[in-house]
Each structure stands twice: as structure tokens, then as C-alpha cells.
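Working notes, beginning with the structure itself.
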Amino acid sequence: MAKIVLAAATLDFDPTEVAIPWLLLSEAGHEVHFATATGERAAADAIMLTGRGLDPWAVVPAFGGLRVVGRILGADANALAAFARLERDERFRSPIPFGDLRAGDWDGLLLPGGHRARGIRPYLEDLALRGFVASMFDADKPVAAICHGTVVVARAVSSKSGRSVLHGRKTTSLTWAQERLATRIACVTRFWDPTYYRTYVEEPGEPKGYRSVQAEVTRALASPDDYLDVVRSDPDYGIKTDGRHRDSATDPRPAFVVRDGRYVSARWPGDAHTFAKTFDEVLREASRS
């Protein structure tokens, strides 16, 4: 099976987007390693992991454990079970520094996301990781990115074309509709930190959504039409876009995943199972070619 590296933010990575793909790919027989900027063990976004801090009464100590919004937007039972196993994994405990990654050593790369600015901005802006991503694309190695992980891909510039490695490819990502909805919810339920879901916020004079994940990824594409989202005619449009339903090992209906050759992309934690299974298919096909 394939030797994969999962490159995560050192701080505030999304627990679902790391733990579910790790578990499913490991169970499929792949060898999954981890990498962070300095080789320091990564830490998940505690708010996403526990669901605490997503409700308006979270600032009151006596009610901090009462979760309503937190149960919907935080990691679900599947993710929590996977994360508990992940924490015992020796490779997760001893990641490789981004600067030591070489395309020739790996059969595939997986880029999860996260959104909290303090931890995710350094991940998205890491030049060593960006260079490694470009080298994997230039070597035609399988790459999978979910949520903000697609921004790392969009920012990676091919040494062959001098353009983003996404130029000429089709992709999805965290959508502006999802990011905007989460922010609107946070303005009420997490009113002391209303931009919690916005990794980057627009500068004065910039239109709303200009700094969103979807907008940045789209700017890297050859055509805006290469950015894909769920179409309204999809029979499962409602559960794919309402922000309340997530896929599972037995129900892929809520998920939306895009495959373009050996590149796989997905939107958010609710796509994680289908995202991992699609990447498994890509890795298996690549190993036979």
C-alpha cells in the first residue's frame, strides 16, 4: 500500500479532517505519517474537539459544558472516536518537519484544514510546505486537500508552469456560503469572537468574501467555472448544504467531493469519510500504474 504524509497545522487543526482520513486510510492498509512546520506534535482546535465555546452562554463558567450549537458544529461521535485512537499513534506523536519532506519519499499527500487564524495562518503561509506541495504535483503524485487545505494547494506554484498547481484543474473547497453562514452564527452564539470562523478578514475597500477560502482558491484557477459546488438539481442538495448533516462510513449522501486526476478535494468535516475513501481509490490506482 501507499506511504502517505498528512501535513497538518501545528496548532488548531480540525480534528475531524485529520482523524477520520487517518483512520480510514490506515484501515485500508496505507502507511500514514505526519508532518508539521517544525516537527512539533500537532494540537487540534479544542473548540472543535469539545464543542465547548460555540454557545452564547459559554462565557459563564457554570454553563460552559452545556452544548447546543457545539453539538452541531463540533466534532461528532465518529470523529471523537477516531481522534482518541489517533492520539495513541506513534507517528502522530512524532511528526516530520515540513522542510524535510521530499516528493521522492512519498506516494501521496493529504492536507487537512482548520480555520482559527492563530494556528491556521502560519500553516497556510508556510513556504516549505508550499514548495513540497508543488513538488508533489509536479511529480504527478496523489494529493488530497479538504477545507482550508485547498488554500495551501492554491498557493503552491509549479516549477514547470510558474502558475498555481490548481491552474487548469477542477476543485472544491470550503465554500463562501458555508464560511458566511458559520460567521453569521458566530456573531450571535460566539459574540465575543465573531470572526472565529474567518481565517482572513477583508481589508477596507474589499468586497465581502474576498478573503474567503472559495475566493482565493477560485483566483488560482484557469477559469471560475473550474470551481465546483453542489448543484441545486442534486437530489441530496439539502443535506449536502444545510451544515447539519455529515457523511459517515455507511452514508456518503451529505458529502461533496471532487476528483480531478490524482487530485481530490472536499469542503468541510462533513465530507471527511467520502473524501478519504476517494483518496484511497486514487492511491490504489496510482500504485497500479
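A short reminder: the numbers here are calculations on the coordinates, not readings from a lab. Keep in mind that what you see is a predicted model, and the values were worked out from it rather than measured. No Cβ is skipped: glycine too gets one built from the backbone with ideal geometry, and neighbour counts run over all protein chains shown.
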Under 8 Å for C-alpha pairs, at least 6 residues apart: give me the relative contact order for the chain, rounded to a whole percent.
20 percent
Which Rg and Dmax, in Å, describe the Cα atoms of the stretch 196-289?
15.6, 51
Can you work out the FRET efficiency for the pair Ser233 and Arg102, with r the C-beta to C-beta distance and R0 = 51 Å, to the nearest 0.05?
0.70
Taking 0.36 nm per residue of separation and subtracting the Cα-Cα distance, what length does fully extending Ala222 through Glu203 add?
4.3 nm
If amide H atoms are built 1.01 Å from N in the plane of the peptide, which residues on other chains or at least 5 residues away come under 5 Å of the amide H of Ala43?
Leu11, Asp12, Phe13
Ranked from fewest to most other Cβ atoms within 10 Å of their own Cβ, Thr172, Thr16, Thr189, Thr250 fall in the order Thr250, Thr189, Thr172, Thr16
What's the FRET efficiency of Asp260 with Val188 using the Cβ-Cβ distance as r and R₀ = 41 Å, to the nearest 0.05?
0.65
For the stretch 1-135, what's the relative contact order in percent, using C-alpha pairs closer than 8 Å and at least 6 residues apart?
39 percent
For the chain, what does the equivalent ellipsoid look like in terms of its semi-axes, each the square root of 5 times an eigenvalue of the Cα gyration tensor, given largest first in whole Å?
27, 22, 19
Beta bridges per DSSP with both ends in the chain, % antiparallel, nearest 5
20 percent
Scan the stretch 1-92 for trypsin sites (Lys or Arg not before Pro) in coil per DSSP, keeping those whose Cβ has at most 11 other Cβ atoms within 10 Å, and list them by number.
Arg88
Could you tell me the distance between the Cα centroids of the stretch 55-129 and the stretch 5-34, to the nearest Å?
9 Å
Once every DSSP H run of n ≥ 4 in the chain is given -39500 (n - 2.57) and the sum is divided by its residues, what mean residue ellipticity at 222 nm do you get, rounded to the nearest 500 deg cm²/dmol?
-10500 deg cm²/dmol
Quick one: putting +1 on the C-beta of Lys and Arg, -1 on the C-beta of Asp and Glu, what dipole do you get for the chain around its Cα centre, in Debye to the nearest 20?
260 debye
If I model a spin label as a point 7 Å beyond the Cα along the Cα-Cβ vector, how far apart are those points for Lys3 and Arg163 in nm?
3.3 nm
